[in-house]
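Notes follow the structure.
The values are calculated or read from the model by the stated rules, or taken from the named source; none is laboratory data. Fair warning: this is a prediction, and the values are worked out from it, not measured in the lab. For neighbour counting, all protein chains shown are included, and Cβ atoms are generated from backbone atoms with ideal geometry for every residue, glycine included. Remember, those area values only see protein heavy atoms, side chains included, never the ligands or the DNA or RNA. Shrake-Rupley method; radii C 1.70, N 1.55, O 1.52, S 1.80 Å.
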Amino acid sequence: MTSVLAIETSTPACSVALRMGDTVISRYCEEPRSHTKLVMSMVDKVLGQASIKAADLHGLAVTLGPGSFTGLRIGFATVQGLAFGLDLPVVAVSTLQVMAQTAVRKQGLEVGEIIMPILDARMGEFNCGCYRLESNGDCRALMQDQLLTAEKALQLINQYQPHAVVGEGGQLEMPHLIDLYPDALDLVDIADAKFAQGLAQPIDSIELIYLRGTDSWQKRKRIRAS
C-alpha cells in the first residue's frame, strides 16, 4: 500500500494530508505567518494518527507555485528535507490547479464546468489560472497560469465565463468570488494519481514557479523595511 504525504503552504492556509490506499488523514489551518511552526507539527500529527513513521512513506507532494514567496519556500524546504533525508520521489503541482480541485470538492461542480482560481499577487497584479473539470474528476488547464493586471484578469474572466471564480481577489472587484484556499487534501489526490502514472521526480529537478521574479520580492522587503 503506497503512502503519500502532501504539504501545502503557498497561501495564508497551511495544510498537510497523508494518503494510504483509500485512507486519507489531513490537517488544515488558516493562520497567516505561522506556517513555519505549524507545518511539522501537522506532519507529526497525521503520521501519528496513521501509526506510521516518516521512513514508511513512499512519496511526497508539494505545490510549486504561484503563491506567497515565503509560504512556497516553507513548504518546499520541508518537502526538500524529507525527500533528501528519506530518498523519496516528489510530485509537484500548480497551486492554482490544487485550488481548482478544492473548489470541485467544496462547491460540487459538474463535469465540463470551468473554474478560475485567483491569488492576489499584490502590486495590482493577480495570479490567474483556468481549469475545466474532466470526466475522470481531474481539473485540466485551459491555459498556462499567468500573472495579470486587474484589468486583464477581468478580461480573462469575461473570455472564459467560468462557473466559479475562487481564491482571493483583493482589490479585484468580483462580487461573486468564492473565498477559498488550496488544501493538501486535494493535492494528495492529484499526487496519488501522478505517482501511479510514474510522474514523480527527484526533488533536485523541481523548481518553484513564482510567475513574478524574486527581484520584485526583494524590492518589497526593502520598501517595508524603510
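One table, with the values for the structure above:
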quantity: Among the residues listed as THR102, THR9, THR70, the single one being closer than 17 Å to VAL166 by Cα, of a type in the set (Ser, Thr, Tyr) and within 14 Å of the chain's Cα centre (by Cα); calculated: THR102
quantity: Hits in the stretch 102-115 - residues which are touching a residue at least 24 places away in the same chain (Cβ under 8 Å) and open to solvent by less than 50 Å² (accessible area, probe 1.4 Å); calculated: THR102, ALA103, VAL104, LEU109, GLU113, ILE114, ILE115
quantity: Identity of the residue in the stretch 24-40, open to solvent by less than 50 Å² (accessible area, probe 1.4 Å) and part of a helix (DSSP H, G or I), that ends up nearest to SER10 (Cα to Cα); calculated: HIS35
quantity: Complete set of residues in the stretch 41-69 that are surrounded by fewer than 15 Cβ atoms within 10 Å (Cβ to Cβ) and in a helix (DSSP H, G or I); calculated: SER41, ASP44, GLY48, GLN49, ALA55, ASP56
quantity: Restricting the stretch 116-126 to residues that are in contact (Cβ under 8 Å) with a residue 60 or more places away in the chain and open to solvent by 10 Å² or more (accessible area, probe 1.4 Å), the residue that is nearest to the chain's Cα centre (by Cα); calculated: ALA121
quantity: Flag if GLY75 is out of contact with any helix residue (DSSP H, G or I) (no Cβ under 6 Å at 6 or more places or on another chain) and open to solvent by less than 10 Å² (accessible area, probe 1.4 Å); calculated: yes
quantity: Residue list for the stretch 117-142, filter: in contact with a Lys or Arg (Cβ under 6 Å, 6 or more places away or on another chain) and acidic (Asp, Glu); calculated: GLU134
quantity: Pair list, Cβ < 8 Å and 6+ apart or interchain, from the stretch 168-184 residues that are of a type outside the set (Asp, Glu) to residues that are assigned to a loop (DSSP other than H, G, I, E, B) and modelled with pLDDT of 90 or more; calculated: GLY169/LEU177; TYR181/THR11; TYR181/PRO12; PRO182/SER10; PRO182/THR11
quantity: Hey, ASP138 under 30 Å from VAL46 (Cβ atoms), surrounded by fewer than 18 Cβ atoms within 10 Å (Cβ to Cβ) and at pLDDT 95 or above or not; calculated: yes
